1. I'd like to check something: does the range 151-160 contain any residue that is outside any strand (DSSP E or B), under 24 Å from GLY105 (Cα atoms) and more than 13 Å from the chain's Cα centre (by Cα)?
2. Restricting to the range 85-100, name every residue that is modelled with pLDDT under 95 and either within 22 Å of the chain's Cα centre (by Cα) or surrounded by 11 or more Cβ atoms within 10 Å (Cβ to Cβ) (or both).
3. In the range 87-146, which residues are of a type in the set (Gly, Ala, Ser), within 28 Å of PHE177 (Cα to Cα) and in contact (Cβ under 8 Å) with a residue 40 or more places away in the chain?
4. Of GLY117, GLY226, which residue is of a type in the set (Gly, Ala, Ser), at pLDDT below 95 and within 30 Å of PRO50 (Cα to Cα)?
5. Go over the candidates VAL65, VAL55 one by one and state the one that is within 18 Å of the chain's Cα centre (by Cα), of a type in the set (Val, Ile, Thr) and assigned to a helix (DSSP H, G or I).
6. Restricting attention to the range 177-209, report how many residues are closer than 22 Å to VAL65 by Cα and either assigned to a loop (DSSP other than H, G, I, E, B) or at pLDDT below 95 (or both).
Amino acid sequence: MTAPWLPPITDDDLARYEAAGFGKPSGHGIRPALLIIDVQYRTVGSRPMPFFEAVQEYTTSCGEVGWAAVHEIARLLAVFRGLGLPVLYPHVAPKRSYDAGRLGGKVPAIMDVPEQGYRFVEEVAPEADDVLVPKRHPSAFFGTALVSYLIDREVDTVVVTGCTTSGCVRATAVDAFSYNFHVLVPEECVYDRSPTVHAVNLFDIAQKYADVMPTDGVIAAVTDLGSAAGGDTVQSC
């Protein structure tokens with residue numbers, strides 16, 4: 001397992017989780033689907049910019065780290081498309097006053113994002129056969145038909161990409177795990193506004209809910225599955 005969370009995770013933190021038996025690889029199944037969560041201009045900006053410049057355009061922007069992830073997601077997306085595997089886009093739709101709920105109180109600025117910010121980033125935008133999953137809450141599963149879509153496509157493994165690592169990515173990974181899907185998180189394909197928060201959440205996701213690995217590792221696993229279509233055994237990453 002790679003360790004993109006070093007620092008701020010300490011040797012003592014690692015020792016505690018190892019002693020408790022966390023962080024073992026859970027592997028993958030035979031039918032993966034790619035989730036591209038909230039990769040919209042509101043989360044990366046209209047162009048790569050340092051964070052404090054980017055938030056002047058969209059308060060929800062993560063800045064240039066988002067664009068770095070977009071390029072990695074594009075690589076992974078090309079593999080899924082080439083193999084004819086399912087691609088789904090959980091995304092936040094433009095906010096209306098009735099959507100405010102607790103989120104509107106906790107993060108008021110999110111209610112004022114202009115509609116153009118909700119457009120999908122062109123480099124990884126959906127195509128005609130992809131599934132759009134509008135959501136109102138962090139988890140792509142909460143209040144959506146995502147489970148139904150995955151079952152219909154006989155999916156047993158979800159590859160979670162997008163943002164934010166600490167928010168919608170984490171919530172979706174936890175719920176996917178709770179539904180007994182295998183969960184893979186390509187570490188370069190997720191992003192957050194804070195490097196520290198990103199690292200800590202990647203660590204926690206890897207210890208409890210998913211296999212976190214480099215994008216190249218996920219691409220290799222998915223490519224192998226595509227080449228061995230029709231298999232029926234669970235493989236270890």
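The values are calculated or read from the model by the stated rules, or taken from the named source; none is laboratory data. Owing to the predicted nature of the structure, the values given are computational and were not obtained by experimental measurement. Reconstructed Cβ throughout: ideal geometry from the backbone, glycine too, with neighbour counts over all protein chains shown.
1. Filtering the range 151-160 for residues outside any strand (DSSP E or B) gives 151-156.
Next, only the ones that are under 24 Å from GLY105 (Cα atoms) stay: none.
Checked the range 151-160: no residue is outside any strand (DSSP E or B), under 24 Å from GLY105 (Cα atoms) and more than 13 Å from the chain's Cα centre (by Cα).
2. Step one: list which residues in the range 85-100 are modelled with pLDDT under 95, which gives 92-100.
If the condition is that a residue be modelled with pLDDT under 95 and either within 22 Å of the chain's Cα centre (by Cα) or surrounded by 11 or more Cβ atoms within 10 Å (Cβ to Cβ) (or both), then VAL92, ALA93, PRO94, LYS95, ASP99, ALA100 are the ones that fit.
3. Within the range 87-146, ALA93, ALA140 meet the criteria.
4. Only one candidate passes the filter, namely GLY117.
5. Numbers: VAL55 fails: within 18 Å of the chain's Cα centre (by Cα).
None of the others qualify; the one that does is VAL65.
6. So the count comes out to 3.
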